[in-house]
């Protein structure tokens, strides 16, 4: 007697089915992680670009309205795919400008602390509620016009 019995074939099919279902779930989770990673990466690029823009503005014009102490924004930013010109992500950018504290009494540092936050939004400007796209990114830096701070 050669060949397989019907029971052996059913068990083999059952094991194969569960294996394929598990692989499908892994692929789905991988695609979700990839989308979230892209969203965070583009949010970081947009936030870093805004920080660089504000740092350049600080060096050119200390009295710019965008650099006054306090909260600013929101300002919309869009990331475009350079290959096909389609929108990848949209963000509301907001930033907080604060003085840089010095532990020494009577000394004010000629610098500002800037924190830029990128919140994902959809095409209408509403918050993006997709699980793989709704992570906000905040990036902080300190900008100054000179390197020789008081000692």
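Values in this text are rule-based calculations from the coordinates and carry no lab data. This is a predicted model, so every value here is computed, not measured. Note: ideal-geometry Cβ built from the backbone for every residue, glycine included; neighbour counts use all protein chains shown.
Which angle between 0 and 90 degrees, to the nearest 10, do you get for helix 6-60 versus the longest principal axis of the chain when only C-alpha atoms count?
So the inclination is approximately 10 degrees.
As a footprinting exposure proxy, order 114, 51, 142 by other Cβ within 10 Å, with the fewest listed first.
142, 51, 114
Just to be sure I understand: if I project the alpha-carbon convex hull of the range 1-79 onto a plane and average over all orientations, what area do I get in nm²?
So the Cα hull casts an average projection of 9.1 nm².
Summarise the long-distance tail of P(r) for the range 33-144 by giving the % of C-alpha pairs beyond 23 Å.
So the portion of pairs separated by more than 23 Å is 36 percent.
Only Cα pairs under 8 Å and at least 6 apart count here; give the relative contact order of the chain as a rounded whole percent.
Result for the chain is 23 percent.
Take residue 144, project a point 7 Å from its Cα along the Cβ direction, then tell me which residues of the range 107-122 have their backbone nitrogen under 12 Å from it.
108-113
Quickly work out the residue 59-to-residue 23 label distance, labels modelled 7 Å from Cα along the C-beta direction, and quote it in nm with one decimal.
Reported label-point gap for residue 23 and residue 59 is 5.4 nm.
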